[in-house]
Amino acid sequence: MKKVLIAINNEFLRETYFQLFIEKNFEVLKAKDGKEAWGIFQESQPDVSIVDISLPEINGLDLLKKIREKQPFNKTPVIVFSQLEKKEERMKAMDLEANDFVTAAATTPAEVVRRVLIILGEQKSYRIAIQKNMMNAKELITDFGLTYDLKCKTCGNDLILYLIRDLSKGEDYFKISFICPECDSRP
Ligand SMILES: [Zn+2]
């Protein structure tokens, strides 16, 4: 189970994010100020953090700076959150190697969750066996430039259809390819 740290000043937004990430099967850690967030970060090592610029005690940018100083090589994804778009804040966040900069004014919580899933590579994938004589299978195989026997060139196994959700385009988009269930190590 992936852990997300939600360090957002506004209680309503914090709870909104909490619900959305719970629905995506995350363990959710919440902090209402920067000091609390820094403590949780060190203790629980979240897989991804969303830090609000307007956090009391330690603001989001200072928090990001502390996180980057603590982990100069192994960079945990951090998304900087702000109520409004301010150019200098965005520049500063990028200088500190934030993975993304989002604003409450321009980005919905659902969109932020989608971006987190992309950053973590959590796109859902499916492996489906196909019957090569059925319906359009032959056409599909030919269009993919594969030989009709649909066997793996390395081990001779039957290839299967592999679908992976392309979250950059939306929940209903998938990329498809043919893979060998033995030789291919895709997630
Ligand atoms: Zn194979």
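The values are calculated or read from the model by the stated rules, or taken from the named source; none is laboratory data. Keep in mind it's a predicted model, so treat the numbers as computed, not measured. Backbone-built Cβ (ideal geometry, glycine too); neighbour counts: all protein chains shown.
Note on the range 142-170: among residues that are within 17 Å of Pro181 (Cα to Cα) and away from the ligand (no atom under 16 Å from the Cβ), the one that is farthest from the chain's Cα centre (by Cα) is Leu163.
Within the range 1-12, being surrounded by 13 or more Cβ atoms within 10 Å (Cβ to Cβ) and modelled with pLDDT under 95 holds for Lys2, Asn9, Asn10.
Suppose we filter Ile119, Ile141, Ile79 for residues that are under 20 Å from Phe21 (Cα atoms) and either of a type in the set (S, T, N, Q) or crowded, with 17+ Cβ neighbours inside 10 Å (or both); which single one remains?
On the way: Ile119 fails: either of a type in the set (S, T, N, Q) or crowded, with 17+ Cβ neighbours inside 10 Å (or both); Ile141 fails: under 20 Å from Phe21 (Cα atoms).
Being under 20 Å from Phe21 (Cα atoms) and either of a type in the set (S, T, N, Q) or crowded, with 17+ Cβ neighbours inside 10 Å (or both) holds for just one of Ile119, Ile141, Ile79, which is Ile79.
Can you say whether Ile130 is on the phi < 0 side of the Ramachandran plot, surrounded by 15 or more Cβ atoms within 10 Å (Cβ to Cβ), of a type in the set (A, V, I, L, M) and touching a Phe, Trp or Tyr at 6+ places or on another chain (Cβ under 7 Å), as far as the supplied structure shows? Judged against the criteria, Ile130 is not a match. Whether any residue in the range 39-46 is surrounded by fewer than 17 Cβ atoms within 10 Å (Cβ to Cβ) and in contact with a helix residue (DSSP H, G or I) (Cβ under 8 Å, 6 or more places away or on another chain) is what I want to check. Yes - at least one qualifying residue is present in the range 39-46.
Inside the range 35-50, residues that are touching a residue at least 40 places away in the same chain (Cβ under 8 Å) and either more than 15 Å from Phe21 (Cβ to Cβ) or of a type in the set (S, T, N, Q) (or both) make up a count of 3.
At least 1 residues being over 26 Å from Lys2 (Cβ atoms) is the threshold, and among the helices (runs of 4 or more DSSP H) wholly inside the range 53-165 those reaching it are 87-95, 137-143. Scanning the range 67-107 for residues that are farther than 23 Å from Glu36 by Cα and touching a strand residue (DSSP E or B) at 6+ places or on another chain (Cβ under 8 Å) yields Leu84, Glu85, Arg90, Met94.
So which of Asp158, Asp184, Asp100 ends up being in the same structural domain as Phe26 (by TED's automatic domain parsing) and either modelled with pLDDT under 90 or charged (D, E, K, R) (or both)? Sole residue among the options that is in the same structural domain as Phe26 (by TED's automatic domain parsing) and either modelled with pLDDT under 90 or charged (D, E, K, R) (or both): Asp100.
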